[in-house]
Amino acid sequence: MKASAARFPWREAWPGPARTDDGNEWVTGACWLYCRRESVRVLWVGSVHTPAATGDLYACGDCVAEIARLVRNQVAARDALV
């Protein structure tokens, strides 16, 4: 059964991903996600837990946008099962 937008009104109003100079605390550093670029504007997106340590994960605007797209697709697929 496919979920209707009426059952999930937040889906239509979901804000876009963070972008450089949007008021968040962007810093210059390395993107730890897909692009692995150095010396770019990055945003702290959370902690990474490994068996040996915990570290801070930073991502550039393009990689943040890609994660947001993947999450939206996952949520839409999960909601379609409801």
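The values are calculated or read from the model by the stated rules, or taken from the named source; none is laboratory data. Given the structure is predicted, the values throughout are model-derived calculations rather than measurements. FYI the Cβ positions are ideal-geometry reconstructions off the backbone, even for glycines, and counts take in every protein chain you see. For the accessible areas, the whole protein counts, side chains as well, though only heavy atoms, and no ligand, DNA or RNA atoms are used. Shrake-Rupley method; radii C 1.70, N 1.55, O 1.52, S 1.80 Å.
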Legend entry - Extension reserve of the Ala80-Ser47 stretch, reckoned as 0.36 nm per residue once the Cα distance is removed: 8.9 nm
Legend entry - Shape category assigned to segment 25-82 from the gyration tensor of Cα positions, a/c cut at 1.5: oblate
Inset, instruction - First select every other residue whose beta carbon is under 14 angstrom from the beta carbon of Arg41; then total the charges, Lys and Arg +1, Asp and Glu -1. - result: -3
Legend entry - Average accessible area per residue (Å²) across segment 17-64 - probe 1.4 Å, nucleic acids and ligands excluded: 67 Å²
